[in-house]
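Here's the structure we're looking at; comments come further down.
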């Protein structure tokens, strides 16, 4: 093997240097792209978290509005009419032409009165065996939950 002339040696060293420099530059570019991708993922996760917080805030706002209007109370028994929690004093209406008002929370008990759809029914905050305890102009007693609805 013959010794390389200074010009050929310079060319060989230059091409090796250029190859190494290119490899380093390409790997740094690839790393930069990778880090950009990681940053994009972090931003997406942060955005999902902010969206979840927005939903939680909206749910709380609806709950607060329900309490303000009188549909929901934070300390009531879990009584619901059509998915809306009732609070004591809520106005109900019979769904049938006539709804029986019983003296006990059972349809086997004595009927106190028959309520029409126009009668005012006030929920008194008690629920038992699928019945609401209510007050009406015709007296106090129990009505079957499925036969009454929230009066709007």
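Just so you know, all these numbers are worked out from the coordinates, no wet-lab data involved. Just so it is clear, the structure is predicted and the values come from calculations on it, not from any experiment. Reconstructed Cβ throughout: ideal geometry from the backbone, glycine too, with neighbour counts over all protein chains shown.
Numerical summary
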quantity: Gain on full stretching of the segment that runs from residue 108 to residue 150 - 0.36 nm per residue minus C-alpha separation; calculated: 12.6 nm
quantity: Gyration tensor over alpha-carbon atoms, the stretch 80-150, equivalent ellipsoid semi-axes in Å; calculated: 16, 13, 11
quantity: Residues residue 48 and residue 88, FRET efficiency given R0 of 25 Å [Cβ-Cβ distance, rounded to 0.05]; calculated: 0.05
quantity: Computed lengthening from residue 38 to residue 59, 0.36 nm per intervening residue step minus Cα-Cα distance; calculated: 4.4 nm
